[in-house]
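Structure, as structure tokens:
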Amino acid sequence: MALITLNTLKKHRAENTRFSMVTAYDKCFASLASKAGIDALLVGDSLGMVIQGRSSTLPVTVDDVSYHTRCVASASSNCLIISDVPFLASATIQDAVNTARALVQAGANVIKIEGGSNLTKLIKLYRDQGVATCCHLGLTPQFVNQFGGYRVQGRTSEAAKHLIDAAVAIDQAGTDMILLECIPNHVTEEIMRVTTVPVVGIGAGPSANGQVLVMHDLIGITCGKTPRFVKNFMPQASSIQEAFELFDRAVKDGSFPASEHCFEE
Ligand code: KIV
């Protein structure tokens with residue numbers, strides 16, 4: 001199988017075709033996902049919740065994400081590896097540089113930063129140093145305290161405009177990818193119209209050209225309440241690899257996400 005790079009995702013964007021992404025935290029699941037044809041692996045700070053049993057992503061450190069990035073990279077898969085910049089790990093220039101160094105040297109091809117139009121300076125700093133970025137907009141879990149909970153974003157026309165303006169600003173600043181979480185599909189549609197880079201969604205409707213799920217949700221071992229945007233692919237599969245394959249196929253043939261996984265207004 002061919003190595004997946006940012007150029008592969010950019011080609012999907014240019015040709016209006018879809019790509020798949022799952023979270024991964026170790027070698028074994030990274031290999032299964034790769035064998036199943038998944039395009040990208042996200043070493044998300046969701047590891048704080050699904051691996052460490054924390055109640056949010058806020059306690060996750062750069063060392064934690066670096067460790068799991070090394071584990072995922074040790075699978076030597078064909079997938080693009082994206083690693084999360086943890087809470088406050090890019091708040092100063094020095095921290096931003098140290099964090100990117102640690103994650104890229106651990107094996108990340110792209111680093112993911114949460115925020116909005118405030119990210120433009122950081123994108124430029126990273127771009128000048130050869131670091132590829134994915135900007136995470138919408139429900140950004142590191143902002144949970146400001147949001148007052150894990151709530152769908154962009155529901156009012158003012159909030160939607162704010163998100164669309166942020167997407168334009170980060171696209172123009174030179175980000176390599178955008179990840180949209182928990183926003184109505186019509187906002188995703190508009191973001192697709194006004195941006196040029198690959199856009200991957202989770203709970204952001206079918207208009208994004210990629211879809212990502214937390215691996216534990218996809219194989220039906222979610223702890224606690226299952227979010228609306230999740231689909232458990234395990235009941236139709238005879239193995240975890242097959243569940244990954246079904247997810248990959250459903251993303252690529254457009255059958256996932258279906259309307260029951262989406263937020264409208
Ligand atoms: O940390 C993570 O796994 C994420 C996904 C939920 C997109 O950011």
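Fewest Cβ neighbours within 10 Å first, please rank T133, T140 accordingly.
Numbers: T133 27, T140 20.
So the residues, fewest neighbours to most, are T140, T133.
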If we count every other residue with Cβ under 15 angstrom of T140's Cβ, Lys/Arg +1 and Asp/Glu -1, where does the sum land? -2
For the stretch 14-164, calculate the relative contact order in percent as a whole number, restricting contacts to Cα pairs under 8 Å that are 6 or more residues apart. 18 percent
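Taking the Cα centre of the stretch 6-261 as origin, work out the dipole magnitude from +1 charges on Lys and Arg Cβ and -1 charges on Asp and Glu Cβ, in debye rounded to 20. Numbers along the way, then the final one.
Values: 22 positive and 23 negative charges, 20 e Å.
About 100 debye.
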Got a sec to turn the phi values of the stretch 204-210 into Karplus ³J(HN,Hα) couplings, 6.51 cos²θ - 1.76 cosθ + 1.60 with θ = phi - 60°, whole Hz, x for Gly and Pro? 10, x, x, 6, 5, 8, x
Among M234, M1, M49, M21, which comes first, then next, by fewest other beta-carbon atoms within 10 Å? M1, M234, M49, M21
Can you compute 3J(HN,Hα) from phi for each residue in the stretch 113-126, using the Karplus curve 6.51 cos²θ - 1.76 cosθ + 1.60 with θ = phi - 60°, rounded to whole Hz and x for Gly and Pro? 10, 8, x, x, 5, 5, 7, 4, 5, 5, 4, 5, 4, 5
Mean Cα-pair separation over length for the chain, i.e. relative contact order, pairs under 8 Å, 6 or more apart, %: 19 percent
Phi-based couplings in Hz for the stretch 148-155 (Karplus 6.51, -1.76, 1.60; Gly and Pro marked x): x, x, 8, 10, 4, 9, x, 7
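Note down the magnitude of the dipole of the stretch 76-141 about its Cα centre, charges +1 on Lys and Arg C-beta and -1 on Asp and Glu C-beta and zero elsewhere, to the nearest 20 debye. Can you show the working numbers first?
Values: 5 positive and 4 negative charges, 30 e Å.
Rounded to the nearest 20 debye, it is 140 debye.
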Listed pairs K161/K252; K11/K231; K10/K124; K35/K252; K112/K231; K225/K252 exceeding 21 Å between Cα atoms: K161/K252; K11/K231; K112/K231; K225/K252
Hey, fewest Cβ within 10 Å first, where do H162, H12 land in order? H162, H12
If we restrict to alpha carbons, what Rg and Dmax does the stretch 1-120 come to, in Å? 14.3, 40
When all C-alpha to C-alpha distances in the stretch 6-261 are sorted into bins of 5 Å, what percent of pairs does each bin hold, rounded to whole numbers? 1, 7, 14, 19, 22, 19, 12, 5, 1, 0
Neighbour net charge for A33 - beta-carbon separation under 13 angstrom, K R +1, D E -1: -3
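Values quoted throughout were computed directly from the atomic coordinates according to the rules given, and no laboratory measurement underlies them. All values reported here derive from a predicted model rather than from experimental measurement. Don't worry about glycine lacking a Cβ; one is built from the backbone with ideal geometry, like all the others, and counts go over all protein chains shown.
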